[in-house]
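Visitor: My questions will all concern the structure given below.
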Amino acid sequence: MKHATYEDGAWKTEVVEPAAANGLSLVADVEVVNTAFQPGSNTSLALRNGTPEIVYTQRENNIYFRVYHAARVDAMNWDKAEVTSSYMYDTTNPFLVDATGGRHIFPATYDGLLHMQGTPGSWTKEPITTSSIATSAALDAKGVSHVAYLDIGAQRMSYASHATGSFQTTEVDPTSFATGGSLKVDDTGRVHIAHHDLSAKRLMYATACP
């Protein structure tokens with residue numbers, strides 16, 4: 001996995017997480033031989049007080065994935081730590097930093113979609129919903145979290161908000177067989193979501209003011 005910055009008219013890249021050596025693991029009594037551990041898929045980058053921080057997926061073997069957080073320490077080093085010990089899907093893990101510097105990560109686990117916040121090594125976990133994958137997230141002007149996610153079973157575009165102090169969920173489009181999903185919140189607090197209706201092969205747009 002690499003980090004790139006554009007300086008003095010050119011891109012400068014650096015390795016944040018190198019590929020690890022080949023490995024062997026036992027999963028459910030089945031021997032799995034890795035071709036290689038693969039760090040850096042589904043990266044999500046945010047700036048915290050001007051410092052880049054990255055949330056990314058690390059392939060552990062041919063079946064399982066974990067989510068990690070990396071923060072730049074100095075010009076040569078990154079501080080890297082696992083977000084949770086739960087195995088993850090290899091999916092998008094939206095990562096946000098609020099106005100106070102608070103971190104918000106939305107990983108999908110076998111236990112459901114979670115909201116993780118805190119500091120590396122001391123994350124707190126809040127369940128959002130089961131069997132779901134976050135595709136996009138945003139913070140509004142009040143610091144409230146808004147999340148677009150896919151219900152894996154029904155494959156519906158759905159939405160969660162923390163406006164009431166706990167996450168409340170609703171279906172955005174109960175008729176579309178959805179994929180993807182991008183969410184933004186405007187200055188008035190209105191939420192905008194775009195997603196792909198796979199069954200009808202069309203681009204959809206939804207808006208609401210929670």
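The values are calculated or read from the model by the stated rules, or taken from the named source; none is laboratory data. If you're wondering where the values come from, they're calculated on a predicted model, not measured in any experiment. In this analysis, Cβ positions are derived from the backbone assuming ideal geometry, glycine residues included, and neighbour counts consider all displayed protein chains. Keep in mind that these areas ignore ligands, DNA and RNA; they rest on the heavy atoms of the full protein, side chains included. Shrake-Rupley method; radii C 1.70, N 1.55, O 1.52, S 1.80 Å.
Visitor: Run Pro120 past the list (1) more than 30 Å from Leu198 (Cα to Cα); (2) touching a Lys or Arg at 6+ places or on another chain (Cβ under 7 Å); (3) modelled with pLDDT of 85 or more and report the number of the one that doesn't hold.
Guide: For Pro120, the failing item is (2).
Visitor: Among the residues in the stretch 132-150, are any basic (Lys, Arg) and either touching a Lys or Arg at 6+ places or on another chain (Cβ under 6 Å) or open to solvent by less than 70 Å² (accessible area, probe 1.4 Å) (or both)? Let's see the steps before the verdict.
Guide: Start the filter on the stretch 132-150 by keeping residues that are basic (Lys, Arg), which leaves 142.
Next, from what is left, pick out any that are either touching a Lys or Arg at 6+ places or on another chain (Cβ under 6 Å) or open to solvent by less than 70 Å² (accessible area, probe 1.4 Å) (or both): none.
Within the stretch 132-150, not a single residue is basic (Lys, Arg) and either touching a Lys or Arg at 6+ places or on another chain (Cβ under 6 Å) or open to solvent by less than 70 Å² (accessible area, probe 1.4 Å) (or both).
Visitor: Still on this structure: Answer yes if at least one residue in the stretch 106-114 is surrounded by fewer than 14 Cβ atoms within 10 Å (Cβ to Cβ) and aromatic (Phe, Trp, Tyr), and no otherwise.
Guide: Yes, the stretch 106-114 contains at least one residue that is surrounded by fewer than 14 Cβ atoms within 10 Å (Cβ to Cβ) and aromatic (Phe, Trp, Tyr).
Visitor: Of all residues being under 15 Å from His115 (Cα atoms) and not aliphatic (A, V, I, L, M) in the stretch 66-81, which is least open to solvent (accessible area, probe 1.4 Å)? Just the residue, please. Lay out the reasoning, then the answer.
Guide: Filtering the stretch 66-81 down to residues under 15 Å from His115 (Cα atoms) leaves 67-69.
Restricting the remaining residues to those that are not aliphatic (A, V, I, L, M) gives 68-69.
Details: Tyr68: 49, His69: 2 Å².
If we take residues in the stretch 66-81 being under 15 Å from His115 (Cα atoms) and not aliphatic (A, V, I, L, M), then His69 is least open to solvent (accessible area, probe 1.4 Å).
Visitor: Identify the single condition in (1) modelled with pLDDT of 90 or more; (2) more than 15 Å from the chain's Cα centre (by Cα); (3) open to solvent by less than 40 Å² (accessible area, probe 1.4 Å); (4) not β-branched (Val, Ile, Thr) that Ala178 does not satisfy, given that it satisfies every other one.
Guide: Of everything listed in (1) modelled with pLDDT of 90 or more; (2) more than 15 Å from the chain's Cα centre (by Cα); (3) open to solvent by less than 40 Å² (accessible area, probe 1.4 Å); (4) not β-branched (Val, Ile, Thr), Ala178 misses just condition (1).
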